[in-house]
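Inspection log for the structure reproduced underneath, given as structure tokens.
The values are calculated or read from the model by the stated rules, or taken from the named source; none is laboratory data. Because the structure is predicted, anything quoted here is derived from the model rather than measured. When we count neighbours, we look across all protein chains shown, and the Cβ atoms used for this are built from the backbone with ideal geometry, even at glycine. Accessible surface areas use protein heavy atoms only, side chains included; no ligands, DNA or RNA. Shrake-Rupley method; radii C 1.70, N 1.55, O 1.52, S 1.80 Å.
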Amino acid sequence: QVQLVESGGGLVQAGGSLRLSCAASGRIFSINFMGWYRQAAGKQRELVARFTSGGGANYADSVKGRFTISGDNVMNTVYLQMSSLKPEDTAVYYCNTDPPQWVWGQGTQVTVSS
């Protein structure tokens, strides 16, 4: 059983930055098939960043150029560096595989004020 624990969220002004962390424990063979999702109030959960098989990353158009996914395979931790935050980035952020295979963690709330 894999457990996911997200952290690093908070309240930030528009234009600010945050770094999210996702610690994965259990039978993790690699973090290279993981990604970050977010769910805003009243909206469906969406994938915003993920690793690709070639060692790169893909991003949703809404965050491209502002968010960067990275990870540590030794520590089984995935990060999301978020910069130039906008109020529309306000959401609960989660990590999981792409497509999601594990039980969702509690997520971490990111609130961007205008």
Can you say what percent of the DSSP beta bridges in the chain, counting only those with both residues inside, are antiparallel? Round to 5.
90 percent
Report Rg(Cα)/(2.2 N^0.38 Å) for the chain, keeping two decimals.
0.99
Sort 16-29, 92-105 by packing, meaning the average of other beta carbons within 10 Å per residue, with the highest value first.
92-105, 16-29
With 0.36 nm assigned to each residue of separation and the Cα-Cα distance removed, SER17 to GLN44 gains 7.3 nm
From most to least accessible, 1.4 Å probe, no ligand or DNA/RNA atoms counted, LYS43, LYS86, LYS64 line up as LYS43, LYS64, LYS86
What is the spin-label model distance, in nm, from ASN58 to SER25 if the labels are put 7 Å beyond Cα along the C-beta direction?
3.2 nm
Determine the order of PHE67, PHE33, PHE51 by accessible area, beginning with the largest, at a probe radius of 1.4 Å.
PHE33, PHE51, PHE67
Using a Förster distance of 22 Å, how high is the FRET efficiency between VAL74 and VAL2, based on the Cβ-Cβ distance and rounded to 0.05?
0.85
So the carbon and sulfur contribution to the accessible area of the chain, 1.4 Å probe, in percent, is 49 percent
Which value, in Å² and to the nearest 10, is the accessible area of LEU4 when all protein chains are kept and the probe is 1.4 Å?
10 Å²
So for the chain, averaging the separation of alpha carbon pairs under 8 Å that are six or more residues apart and normalising by length, what relative contact order in percent results?
37 percent
5 Å is the cut-off here: which amide hydrogens, built 1.01 Å from N in the peptide plane, fall below it relative to GLY10, excluding neighbours closer than 5 in sequence?
VAL110, THR111
Report the local net charge at THR108: Lys and Arg +1, Asp and Glu -1, summed over other residues whose C-beta lies under 12 Å from its C-beta.
+1
Once VAL63, VAL12, VAL5 are ranked on solvent-accessible area with the largest value leading and a 1.4 Å probe, the list reads VAL5, VAL12, VAL63
